[in-house]
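Chemist: This is the structure, below, for whatever I ask next.
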Amino acid sequence: MYVGTKGYYVAELKKIGISNYEGRKVEKYNASTLANLLESKKK
């Protein structure tokens, strides 16, 4: 899996325990939204 792809962000979010966001599965969001979410949750 390549860093920066949608699959990468989904896997990283699931590692830290996030599988849903705002009532939707993280797989439904686009890569840019997932990148921003990951950045906000890592801090």
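Chemist: Test Ala11 against the stated conditions and say whether it is in contact with a helix residue (DSSP H, G or I) (Cβ under 9 Å, 6 or more places away or on another chain) and among the small types (Gly, Ala, Ser). It would help to see each step written out before you state the result.
Modeler: Details: in contact with a helix residue (DSSP H, G or I) (Cβ under 9 Å, 6 or more places away or on another chain): no; among the small types (Gly, Ala, Ser): yes.
So Ala11 fails the test.
Chemist: Follow-up. Counting only residues that are within 14 Å of Thr5 (Cα to Cα) and not aliphatic (A, V, I, L, M), which one in region 29-43 is surrounded by the most Cβ atoms within 10 Å (Cβ to Cβ)?
Modeler: Among those that are within 14 Å of Thr5 (Cα to Cα) and not aliphatic (A, V, I, L, M), it is Tyr29.
Chemist: When region 10-43 is examined, which residues are found to be assigned to a loop (DSSP other than H, G, I, E, B) and of a type in the set (S, T, N, Q)?
Modeler: To start, the set of residues in region 10-43 that are assigned to a loop (DSSP other than H, G, I, E, B) comprises 16-19, 22-23, 29-30, 43.
Those that are assigned to a loop (DSSP other than H, G, I, E, B) and of a type in the set (S, T, N, Q): Ser19, Asn30.
Chemist: Among the candidates Ser19, Ser32, Ser40, single out the residue that is at pLDDT 95 or above, on the phi < 0 side of the Ramachandran plot, in contact with a Leu (Cβ under 8 Å, 6 or more places away or on another chain) and not β-branched (Val, Ile, Thr).
Modeler: Working: Ser32 fails: in contact with a Leu (Cβ under 8 Å, 6 or more places away or on another chain); Ser40 fails: in contact with a Leu (Cβ under 8 Å, 6 or more places away or on another chain).
The conditions single out Ser19.
The values are calculated or read from the model by the stated rules, or taken from the named source; none is laboratory data. Computed from a predicted model, the values in this text were never measured in an experiment. Every residue, glycine among them, receives a Cβ derived from its backbone with ideal geometry; neighbour counts consider all protein chains shown.
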